[in-house]
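Structure record follows, encoded as structure tokens.
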Amino acid sequence: MKKVAVIGAGIVGSTAAYYLSKSPDVEVTVFDDGKGQATKAAAGIISPWFSKRRNKAWYRMARRGADFYQVLIADLKAAGIQTDFYQQTGVYLLKRDESKLQELYDLAANRREESPLIGDLSLLSLQEAHEKFPDLQGFERLLYASGGARVEGALLTETLVKASKAELVEKKASLTVDGEQLFVDGRSFDCVILAVGAWLGEILQPLGYKTDVRPQKGQLRDFKLADQTDDYPVVMPEGELDIIPFLAGKVSVGASHENDQGFDLTVDKMVLNQLQQEAETYLPRLATTEILGERVGTRAYTSDFAPFFGAVPDLPHVYAASGLGSSGLTTGPLIGRQLAQMALGEAGFLNPADYPIERYVKKKALKEDKCF
Ligand SMILES: Cc1cc2nc3c(=O)[nH]c(=O)nc-3n(C[C@H](O)[C@H](O)[C@H](O)COP(=O)(O)OP(=O)(O)OC[C@H]3O[C@@H](n4cnc5c(N)ncnc54)[C@H](O)[C@@H]3O)c2cc1C
């Protein structure tokens, strides 16, 4: 039996644990501190096809990540596990300059050839948009894509960790190395997956590593509408704001991207009030809607905003991923699956050379030992 430790039970770690546990020769133990977890705080949109990011490797990962949800859902369903964390209810895309909607339509129509998951594309008038989401305002036209989806991050990780039947140790763990042997929390393992998000630097620093991973604070506010929101599409205006309807009236408004707050987890009402005010332009009744709560999480990002994964340099049998940034709910399951495949010595869907870990995780040079 191969013993594998997965440190971090966010979207990457929980997916890795789930797929590792399918292998009959592997015993999985998951360690999770839970504090500040980005996945739990996120109300996620899976709709990468409209992005204009120039990084082609990132886009390849994001579109395959969106596709991979179909595999994950099918795998869970085949095992009789509920997948309430994911619904493909479509997305509404808004542009301040509505003449740019056609450009976005053309981009998506082109990309649909390799990503049929995008589904139906149509430019809708305000009245047509009301058929799927009543009372929206603040625009004359928008672009609808039926394949966009929403994900409840907390429910996803809970489902996967439970489905993995792995032992879950809910505490902060450390990794130590003695010769060839790996220890997590003092227990010996054959292989370790570091799925610790923004905390990768913290766990690798005592082993002599320098990492290019930074924390980004993200906040959102949850509301309870009286509507039956189950089939409402996600509304994506330009900028930070998204309005994300979930089941039974729940609607999330977010999310902030704060690069200067470190690992701070306090709710900043000013930031959330501003997001709400902007959201009211499109959904005025939010002003009088019950607030269910507010969430704060810490995303990980790198200096060039690119995610990475792979074998940690000079640390045999240790694999890591981080830097997923604001698209981690889209790319996380695919990366988690691939880390599990790497740990099992199998090839994955992505080429690790496109997301080189050695660019972001480096062993610090030992001080030269000299007398003068
Ligand atoms: C408000 C918000 C909104 C977002 N919206 C979207 C969206 O719409 N679409 C999208 O694609 N993405 C979105 N994201 C981004 C996405 O949520 C993240 O990129 C992704 O969840 C990161 O997953 P992860 O598994 O790498 O890290 P995390 O989810 O942060 O998980 C890491 C886990 O490791 C644990 N850990 C760390 N160190 C240790 C240790 N030493 N021992 C034990 N446990 C440890 C942490 O406590 C945490 O639980 C959003 C994020 C936020 C915060």
### Query
Applying the selection to segment 327-363, what residues are farther than 24 Å from Thr298 by Cβ and assigned to a loop (DSSP other than H, G, I, E, B)?
Leu344, Gly345, Glu346, Ala347, Gly348, Phe349, Leu350, Asn351
#### Entry: Any hit, segment 209-217, residues being over 22 Å from Tyr301 (Cβ atoms) and outside any strand (DSSP E or B)
no
### Query
Checking Lys362 against (1) within 16 Å of the ligand (Cβ to nearest atom); (2) in contact with a Lys or Arg (Cβ under 7 Å, 6 or more places away or on another chain), which test does it fail?
(1)
### Task
Can you tell me which residue within segment 177-225, out of those that are at positive phi and within 27 Å of the chain's Cα centre (by Cα), is farthest from the ligand (Cβ to nearest atom)?
Asp185
### Query
Can Ala347 be described as aliphatic (A, V, I, L, M) and surrounded by fewer than 18 Cβ atoms within 10 Å (Cβ to Cβ)?
yes
#### Entry: Set Arg299, Arg285: member being of a type in the set (Lys, Arg) and within 14 Å of the ligand (Cβ to nearest atom)
Arg299
## Note on the structure
Residue hits (segment 104-121; surrounded by 13 or more Cβ atoms within 10 Å (Cβ to Cβ) and over 21 Å from Gln70 (Cα atoms)) are Leu104, Tyr105, Leu107
### Query
Taking interchain pairs and intrachain pairs at least six residues apart, which have beta carbon atoms under 7 angstrom, with the first residue in segment 244-256 and over 18 Å from Leu93 (Cβ atoms) and the second in a strand (DSSP E or B) and hydroxyl-bearing (Ser, Thr, Tyr)?
Phe246/Ser252
### Message
Of the conditions (1) at pLDDT 95 or above; (2) within 11 Å of the ligand (Cβ to nearest atom), Thr29 satisfies every one except a single condition; which number is it?
### Response
(2)
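The values are calculated or read from the model by the stated rules, or taken from the named source; none is laboratory data. Worth saying up front: this structure is predicted, and the values here are computed from it rather than measured. Every residue, glycine among them, receives a Cβ derived from its backbone with ideal geometry; neighbour counts consider all protein chains shown.
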